[in-house]
Structure formats: C-alpha cells, structure tokens
C-alpha cells in the first residue's frame, strides 16, 4: 500500500472523525434522534471499512467494536446516555491518536484500545451478545458490511385482498416498512370503495401506489410482502435509476405513465390529447381514470424529478477533487509572480505607447485578474470548519469547571483564506478558554445575580470590505477595570498619575505575563495566553479589540484580512520611495497645504468636513530626508470607528499588491508588513497601518 493511499485514508478519516464529534455533540441534546444516531453509525462504518481496505487493521478492528454498540443503539437495545457520549468521544480521540502513527508507543495505544473496548462492553445489557474481541482479518471486516446498490426508483402497486384483515395483517405496518427503505411517496387509490350499503366493516377496499427510491435492492422490497403475497396483488417495476440520467433528461409525461401502469388505453389517451385542457382534467372529466390515479402519476413525476436533482448534485460533489495544500500554495505563488510580470508588461506598453502592445497588455491584465480571483477563491474556506471544533472544547472545559455553558455560532459560512484559518485556530482557542474560565460565572452565582444558569458564548463572523470580523461575546461577569489597572501599576506598566481610557486599560491584558488570576489552575493564571493571541493576530496583519461591561459580559473583536497573498493597495510616494497602504481601510485622500499646517498651530491635525482627524507624517516616521512639496496628500484610514491620516508626498493610485516577505533579517522591523514589486522592477514597502496607529500615541501625533 503506497503512502499516497494511506495519506488519502488519513485525510478522509479525520474528516469523518470531525463529523462524528459534531454529531455526538448534537446527539447529547437530542438522544432520541434516529437520524443523528444513523449519522454517527455511518461515520464509524466508513472509518472501519476504509481502514480495513487500506491496511489500518487495528483502527478497523477497534472501530468495529464501537460500531457494534451503535448498531444496538439503532435497534433500541442500548439508549444514548451521557456516559455513552463521553466514552464515544474518548474513542474518537483514540482513533485520531492511532491515525497519528508518531503520537504514542504502539503498546500504549493497544492497551488504551483494550480499556476503551472493556468500558463499552460494560454498557452492553446482560443477556445480549457481547462485543466480539476482534476481527481477525481485513477481508472479514469488509465482508461484514451490508451490500448497498445504486439508488433505483421503483413503482409499486400494493392491492391487498378485501379479507386481508382476517389473516391478522395490518397493511399500514407494511407501508411503514416500505417507507423505511428509502425516499417514499404513497398515494391511496379509492376507486374500489363500494356504495355504503355494500361495505363490510371487516373488509378493506383501498389499494396503494408507491414510488420508492432505495439502494437496498428489489429483494428488500419483496421481503416486506413475503408473508402476505398469497393475500394481495403486488407489482414492482423499476422506473428510474442513477444511470438513466445519462440517457434521458426528462422523465415520462403523465399520459405515458398512465398507459404504462395500465390505467388507460392508448386510443383514449390520443383522443384526450386533441383537447386543449390539462390532460389530467380531461381524463377525469371523461371518466377514463380516477382523480387518485392522476394524482399518483403527478406525484411519480415530481418524485423522479427530485431524485434526479439529488443524483446530479451527488455527481457534482463526487466530481470534485482534493489537491494537496502545498500544490495550492505553489499555484498561488505562481499567480503572484504572474501578477508582477503583468504589471511590468503594462508599464512597458505605457512607456512605448504602441497601440497593439497596449491592447495585448490590457487583455493580459484582464485574464490575470480573473485567474487571480479564481485561484484565491479556491483557497477560501468557510470559517465554520474552525467553529465546529470549539463545541467540544466548550463542552469538556465547562464540565471540568462545573459550569453550564452553551456555544452559539453565527456566520459559519463566511469564507476566509485557508492559510488564515489554519493560523487562527490557536488564538481563538485561547480566547474561548478565557471566556469560559474568566467570563462565565458558576451556575449558583449566575442565579444569585438574576441570570440564567447557562452562560452563553457567541462566536460570529461577518465580511466587512476586504476583512473578516470575528467576535467572541459572552454574557459573563465582564472585565474588572480596577483590578486590571491595579495589576498594571503593580507591574510598573503605567504611572499613578496617568489618565487612561477604558480601552487602554483593557489593552494591558495583552502584555506578556499579565494575569489577574489569584490562583493558578489547569486553565489559566500563569500569565500565558493573551500576549500570544495578540502576537498571532499581528502576524496575520489583523487587530484585536476588547469591549466589556462589568456584570454584563465581554466582547472581543478580531479583524483579519481575507487573504495573506494578494491584496488591493493604494500606491503612494515619499520623495523617491514607494509605499503601499491596504485599500480596504483607506477612506479618502485629501490635500494638505502649508496654509492648512499653519492653521493647526503646530499640531498634526486636519479639519476634514468639520471633523478633526489626527495624522502621522510618514516622512518623519521613516526618517526620509528631503524637501516637502507645497501640497501634500493625507490618506485617511478608518478602523474600529477611529480615523487616522497618513501624510505622503503623492498618491499614485490603486495597485494590485503581491505580498512578499522581507526575509528573516527584517522579521523584527515594525511598521512594515511586507513588500511588493512594481511594474518597473522597483520595491514598494507595505505599511502596517494598525501597528503605526497603535505604536504612536495620538497625543504625541497631535503635539509633535
């Protein structure tokens, strides 16, 4: 077995494990939901069967044991309990460890397998067959799976004899059993009901048309009627299958269905078609068929249409391919290089002013833009893939701390670059753990304050321009502003006579080693966490802000760029130096004359439409020597409701920016988040706007 196939199995198994965990957490709240039970069973069945196929015999054997228990859950022998959920989550974690072949020693893993299986055995009721100790081979595991066929749609006419009740048979139970085989539509035909004076109470005069789509095969249908075949008429006909999609785009018309079922003669159908009313109405008006038979044909049409739509969707899903992440990263890098070359081509065409070359450059620019957008969209994933992991974290940690906490999510379909999502997981874990430990109070404390015993943590995401805003909001006790300030004074982070805003006080928690916890626990109190979060968000070129009301709760807002690869920027110059500001946070550009500077009396502040906006001179910030032009430009940026201007010599215009790292020698350089290559081959530095705005105190900017 090649490593390629093993890697494919591991990837698919991890996806199944994530789905299993999410299903188990839902099942905890709805233990009687048969659909969720079936979903959990199928996830384990897939892991087992594929494991046996790809040589992961120990994983297959272990999963078979758990699957056996859930088979008993499906038939009602075992009930879903918290103990079973906890044990299954433990088994899921164990399978994940077994997939990671470097995680633990094999002997330790085998011992853990035995202990978990023994715990499951204790949940098996006495008198029930115990769980088998192991499956001896891959072939046995594969052969133990039930055979499934392609989805086939059958037309069934079930016409019981009038005296069937006398045999002790209830036809409704047979219909329920048919319904359990797949997607089913049933139409009762009433044309056999006699006049009232001729009805016998112990007779049945109804028969049924059934449209069934199932992958169980025709024998499963025949088995339903095996004990009543002598007391009824049953016809079973295949009317559609997944393969039929390749042959016919549309299903039969109503007339064809009725003729095929023997409900009408072809000659009568032809006469009716000559009239201009709906065919069904004509046939009923002429007494050729009953309304029930027309209804049955219409339902059959609709049923087949829906099943074919499902099959087409399934084919579309199956036609997708999985690509290794490194290949995708290489594609993005190549597209980035192509964008740079395209910029050079456009610059060259502009310099030479050749009409034909300009036309080619414009076409290449259009194609490059489409290729860039398509490539970046391939890397976009819904952030819900990350949100789903936190339900388990909240569940386990709240149990450990003796708290009742519910995690709610919004905007799970909000898309974000794959690279950003991967690097976002750890910071969000820290933030949610803090909300659980520091934010949400114990149930008795919450009740004494008039709150619900169950605390709420809401995790939401929403697009905002070229950014995604993620909020972690809890309804806990909020931050203690006085305790944070006291701790900051104790650590010498601020002087006693310094006046600070609420926001500045809250920002102290991002300092390394800062903690107000009086006791060290497994969760917090060591002063490790929030500084790591801040550093991780900064590395993603994002920002983090805190709002809190004591006794009401805390909201942490994380703002991140959609992608880290290619962004739209605003190209500016200072002297002969080029800089790029992210266009997503640029609000406007205004002129700054020497007269405007004089009116400000030495303060770095501009009045823009009766609003005072502080600004920072990038010429001074980067130590660029030279004469300032008579008319400068202020690039006004906005973030979290605050405006800051950046003064430059000239604004060139929008620029498609391919972000390049500065290299390890410049990794500690502040105020610059990267660089890009312009069309003429020169370098433009990308300004880290949030970092500059935060590092320079506004009071200093105003009076400096």
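The values are calculated or read from the model by the stated rules, or taken from the named source; none is laboratory data. All figures in this text were calculated on a predicted structure; none of them were measured in a lab. Note that we place each Cβ from the backbone using ideal geometry, even for glycine, and neighbour counts take in every protein chain shown.
Data for the structure
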{"read-out": "Pairs, first farther than 20 Å from residue 301 by Cβ in segment 261-289, second in a loop (DSSP other than H, G, I, E, B) and at pLDDT below 65, C-beta under 9 Å, six or more apart", "value": "285/277"}
{"read-out": "Where a residue in segment 343-366 is touching a residue at least 24 places away in the same chain (Cβ under 8 Å) and assigned by TED's automatic domain parsing to the domain that holds residue 681 and its partner, wherever it lies, is in a helix (DSSP H, G or I) and surrounded by 16 or more Cβ atoms within 10 Å (Cβ to Cβ), with Cβ under 7 Å and at least six apart", "value": "none"}
{"read-out": "Qualifying position, being more than 20 Å from residue 693 (Cβ to Cβ), at pLDDT 80 or above and within 24 Å of the chain's Cα centre (by Cα), among 472, 484", "value": "472"}
{"read-out": "Unmet criterion (only one of (1) in contact (Cβ under 8 Å) with a residue 60 or more places away in the chain; (2) over 28 Å from residue 674 (Cβ atoms); (3) in a strand (DSSP E or B)) for residue 603", "value": "(3)"}
{"read-out": "Single unsatisfied condition, residue 673 versus (1) crowded, with 21+ Cβ neighbours inside 10 Å; (2) over 18 Å from residue 584 (Cβ atoms); (3) touching a residue at least 60 places away in the same chain (Cβ under 8 Å)", "value": "(2)"}
{"read-out": "Search result, residues across segment 473-488 that are farther than 30 Å from residue 406 by Cβ and surrounded by 14 or more Cβ atoms within 10 Å (Cβ to Cβ)", "value": "485, 487, 488"}
{"read-out": "Single residue of 689, 702, 669, 644 found to be modelled with pLDDT under 85 and more than 30 Å from residue 342 (Cα to Cα)", "value": "702"}
{"read-out": "Close pairs (7 angstrom Cβ cut-off, 6 or more residues apart or separate chains): surrounded by 20 or more Cβ atoms within 10 Å (Cβ to Cβ) in segment 629-650, at pLDDT 85 or above and assigned to a loop (DSSP other than H, G, I, E, B) anywhere", "value": "632/649; 649/575; 649/629"}
{"read-out": "Any hit, segment 401-414, residues being touching a residue at least 24 places away in the same chain (Cβ under 8 Å), in a helix (DSSP H, G or I) and in contact with a helix residue (DSSP H, G or I) (Cβ under 7 Å, 6 or more places away or on another chain)", "value": "yes"}
{"read-out": "Residue in segment 433-481 that is nearest to residue 388 (Cα to Cα), counting only those that are touching a helix residue (DSSP H, G or I) at 6+ places or on another chain (Cβ under 7 Å) and part of a strand (DSSP E or B)", "value": "459"}
{"read-out": "Hits in segment 168-183 - residues which are at pLDDT below 80 and surrounded by 14 or more Cβ atoms within 10 Å (Cβ to Cβ)", "value": "169"}
{"read-out": "Search result, residues across segment 377-395 that are farther than 30 Å from residue 332 by Cβ and in contact (Cβ under 8 Å) with a residue 60 or more places away in the chain", "value": "391, 392, 394, 395"}
